[in-house]
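The block underneath contains the structure these notes are about, expressed in structure tokens.
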Amino acid sequence: MSRTQHTYVEDLSPGSGRCGPRAALASDAAALGLDGEWRFNLAAGLRDTTEGFEAPDFDADAWDLLAVPSIWQMHDLDGAAPYGKPQYTNIHYPFPVDPPRVPDANPTGEYRRTFTLPAEWPETGRTLLRFEGVDSAFAVWVNGVRLGDGKGSRLPTEFDATAHLVPGENTVAVRVHQWSAGSYLEDQDTWRISGIFRPVALVHRPEGGLDDVFAHAGYDHATGMGALRIEAGTAGRVSIPELGIDIAVGETVRVPVEPWTAETPRLYDAVVATDTERVSLRVGFRTVTVEDGVLKVNGRPILLRGVNRHEWDPDTGRTLTVETMRRDLELMKQHNVNAVRTSHYAPDRRFLDLCDELGMWVIDECDLETHGFGPYGWKGNPTDDPQWREACLDRIARMVERDKNHASILMWSLGNECGVGENLRAMAEWARHRDPDRLVHYEGDYDSPYTDIYSMMYVSHDDLELIGQRKEEQTKDPANDEHRRGLPFILCEYAHAMGNGPGGLADYQMIFERHERIAGGFIWEWIDQGVRRRTDDGREWFAYGGDFGETLHDSNFITDGLVFSDRTPSPGLIEYKKVIEPVRIAIQPDRRTVTVANGYDFADTAHLRFTWRLEDDGLPVADGDLDVPVIAAGEAVRITWPDKLAEATVDGERSISVHALLAEDQPWAPAGHEIAWGQTVDGPATATGPLEGAAFEGPVAADGGHRLGSAEFDALGRLRAIGGVEVEGPQLDLWRAPFDNDRIAWGGPSQADRWRDRNAALDRLEHKVLDVDAGATLKVATRVGAAGAARTMDAGYEWAYDPAAGILWLTVSANPLGEWEDFVLPRLGLRMAVPKAFDAVTWFGGGPGEAYADTRTAARIGRYEATAAGMQTPYAMPQENGSRIDVRWARLASADGTALAFHGAPHFAFTVRPWTSEDLDAAQHPHELVERDRLFVNLDAALNGTGSASCGPGVLPQYRLTAEPRVFAIGFTA
Ligand code: IPT
């Protein structure tokens, strides 16, 4: 096939032969889904395409069958991978930056199928062939006649097939190219994958029908009236029986309504009808405004507790079932998320139907990103080149036209990371003109001259505070500066959820809540985009960049979600849920009261019920319901404790918690689902520690070693056994398998680089015994340092046995020697090894999940049980994980009942794992971790926080663990 026939692949035009964009509508017009098995052939490039494949009589029987919709690179990846493999790059284009050219190696899928036009298919009107999403460029034939071609992967394209359809059997053929000029506009941080990945259908357009409908449904909070006007190209009637509405298309009606909000997603079923077509709409009445620089819906400021959502399924890539879309929204709602930015393209239209139905604020983002020009100073950036203007405008129009009837959409986003440029301005103007009732969002132009909202990403807490006060730095142009200073602000991305973390969420939330200007933010990102794989012996794992042998890739930067690839919530999501909880509960033990503050923007608390629970050293004592009156949005009440709670007494540490639960089933969670909680803990600490004046027994010498109680030490003062249980260690330990947030830094050495630096080398510390002194206690002096390093530490261990309590206490003093100033340590604690059989873990302290210095909001004090295996968090790239915080005591038991326990003075943090920190550090995927013959226990005085340095600011000063002289104690019993 001659090259010229493929010129559309590299031309800048968004397509040819296409129909104009219009709303996605639920119509009673005839439609025929064309999803299913298609014949498929993958050509290596444009020169290898199949001559005449579009002809009805072409024999494609020998071709493979491929599901439509699907991504062709997502097939049989553990087997033959017949259609190539996914490639992941973030900013860099996966081809030479030579617009509009794309490589000769341009995988090209040829699709064919036949279908029978139903006998009852109308003879009048038009029939369109509709593609919801084809990545990245394609040409279409019906019965051998070329209808046209299109680009814009995540946007719909329709072709008029009327003249070429025949009664009975028809043939449709589609040629899809992985790379095209359009790929320069689609440089999103995700897998580069291809195919007809969203549904395909034939849709009938009756004469006198409703090709396009635009529902304008506002809400006047002052009067409680909804205003409805339906625009359509045709005369017709609009009815909403529930509201007694029956008006003409084009007419405006005002009636009292219940408004739509993400918290109260009230939809009204409307029908728009002409003589020949009925379209069903779900209308939500709501008004979005910016008033005095504050983002408001229905007259009230809103706070976006958001996530950035890529469309991802670990098995099918960007092809999602409706069940998966619903699952995403259920999980979001269950975790108090109320907003989605559809990063960085318009999602499957059915996702937006679900957002309307379940209640979610949406920033609908255009399929546009040119990030790969950034590293070259944005030279040649398509968003600032008149030649690309049509392509840019085409994309915004196709998104706005398709999605304009969704109550959930607050803003149109022009795209992501496109630098600045006149085409962006033109897009903004187009969107504002077409839809004056929504706001225009774009992050990449910090002057924000043509947007309605000021937006940034990964801003530090300090800078955010300044923005909240409208004291951000001035921009060059005074007019722009004034405009921007009057805008509300959002963080369209913050808190990079890569690996362990993100840290500092609670600190961001405080700033969001303090300033009306700030309308909230969107975590990057919702889901780890891992690809599910299986080892030969059937173990599941998730692949990231590089795992498919890509030469250019961005490794595990693609697995940075709040849910793991299989949609299991990560600890980061549990933390986020607590940080953004829409009800705040505080307990005042001295006054015997509870305050409940309703932080919803609209909803009262009628959908909630409240319970309380009292625990004594983590053991349940009493519980009951708490009578809380219905609280209006933004209001708070103070309630006196119920008598049963006020009168109860406990001996140990007293914990009182209050829980806000769903009173009834919601479409996204069952009754009883917890929305928010508060806890207060007081009373005497369980363990008092060695310094509280217990009478100690001195060490007894035995055969070159020492004994203390049931503990045996060797001649060098190292603990060898306790209660007959053989152990190794404990010894001072500073290393942790770096978090992604430790390992990655944008400009400058990362935290992990500093730790591994030759003059620290915390990953390979050596321990030298300087002195053993068996006096009233057993004292061991050691020096800790790494080969080649001048930075060392003195670690002193003092062992003492308290016979009354039966606890062997170890007091550790760590003193940095050398140049440790401003040096941040990963952790400060002990490591030891215990027999593998001790894998039943019980603890009293923070839980149930992991928590670190700046990710600890969701940790509740209580008694928990887990297996050693169950204490691991399976980050896609193995790294430090699983630490439980504020632990009073922890016990490791074996099946035969023998147990080893650790006691805090008063608290410690701990991990238990069947491998070492070094093993975790070395592994690239969880399935590569091999269990050792023992369990490794870290008992920590403190750990450095996690922050968000993998993309964004690092650990805040208050959560940094600096190298300073420190003393801590841990007790042991067996
Ligand atoms: C920012 C991108 O907008 C987003 O797509 C994603 O790549 C994220 O970072 C990190 O995962 S851009 C960033 C380099 C500031």
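The values are calculated or read from the model by the stated rules, or taken from the named source; none is laboratory data. Just so you know, these numbers come straight off a predicted model, no measurement behind them. Note that we place each Cβ from the backbone using ideal geometry, even for glycine, and neighbour counts take in every protein chain shown.
If the condition is being within 16 Å of the ligand (Cβ to nearest atom) and not hydrophobic (A, V, I, L, M, F, W, C), then segment 365-387 contributes Glu365, Asp367, Glu369, Thr370, His371, Gly372, Gly374, Pro375, Tyr376, Gly377, Asn381, Thr383.
Among the residues of segment 26-34, none qualifies, meaning not one is closer than 30 Å to Pro382 by Cβ and within 36 Å of the chain's Cα centre (by Cα).
Annotation: of all residues in segment 950-970 being closer than 21 Å to Ala760 by Cα and of a type in the set (A, V, I, L, M), the one that is farthest from the chain's Cα centre (by Cα) is Val967. So, of the residues in segment 791-826 that are among the small types (Gly, Ala, Ser) and modelled with pLDDT of 95 or more, which turns out to be farthest from Trp755 (Cα to Cα)? For segment 791-826, the residue satisfying everything is Ala800. Every condition in (1) surrounded by 24 or more Cβ atoms within 10 Å (Cβ to Cβ); (2) of a type outside the set (S, T, N, Q); (3) within 16 Å of the ligand (Cβ to nearest atom) is met by Val362 except one, and the failing one is (3).
If you check Thr962, Thr946, which single one turns out to be away from the ligand (no atom under 16 Å from the Cβ), within 18 Å of Gly829 (Cα to Cα) and of a type in the set (Val, Ile, Thr)? So that I can check it myself, show each step before the final result.
Values: Thr946 fails: away from the ligand (no atom under 16 Å from the Cβ).
Of Thr962, Thr946, the one residue that is away from the ligand (no atom under 16 Å from the Cβ), within 18 Å of Gly829 (Cα to Cα) and of a type in the set (Val, Ile, Thr) is Thr962.
Of everything listed in (1) in a loop (DSSP other than H, G, I, E, B); (2) in contact (Cβ under 8 Å) with a residue 60 or more places away in the chain, the single unmet condition for Thr234 is (2). Segment 262-357 holds strands (runs of 3 or more DSSP E) entirely within its bounds, and those carrying 3 or more residues that are within 30 Å of Gly244 (Cβ to Cβ) and aliphatic (A, V, I, L, M) map to 268-273, 278-283.
Take Glu417 and tell me if it is within 16 Å of the ligand (Cβ to nearest atom) and surrounded by 24 or more Cβ atoms within 10 Å (Cβ to Cβ). No; evaluated as a whole, the condition is false for this residue. Condition check: buried (at least 19 other Cβ atoms within 10 Å of the Cβ) and either more than 16 Å from the ligand (Cβ to nearest atom) or of a type in the set (Ser, Thr, Tyr) (or both). Does Arg341 satisfy that? So Arg341 fails the test.
Can you pull out the residues in segment 448-465 that are closer than 17 Å to Leu956 by Cβ and either buried (at least 16 other Cβ atoms within 10 Å of the Cβ) or within 16 Å of the ligand (Cβ to nearest atom) (or both)?
Narrowing segment 448-465 to residues closer than 17 Å to Leu956 by Cβ: 458-465.
Within segment 448-465, Tyr458, Val459, Ser460, Asp463, Leu464, Glu465 qualify.
Which one is farthest from the chain's Cα centre (by Cα) among residues in segment 735-754 that are within 14 Å of the ligand (Cβ to nearest atom) and among the aliphatic types (A, V, I, L, M)? Give the derivation first.
At the first step, the residues of segment 735-754 found to be within 14 Å of the ligand (Cβ to nearest atom) are 740-741, 744-747.
Still in the running and among the aliphatic types (A, V, I, L, M): 744-745.
Numbers: Ile744: 18, Ala745: 20 Å.
Residue satisfying both the conditions and the ranking: Ala745.
Here segment 528-553 is the region considered, the condition is being under 21 Å from Asn308 (Cα atoms) and in contact with a Phe, Trp or Tyr (Cβ under 7 Å, 6 or more places away or on another chain), and the residue that is surrounded by the most Cβ atoms within 10 Å (Cβ to Cβ) is Gln529.
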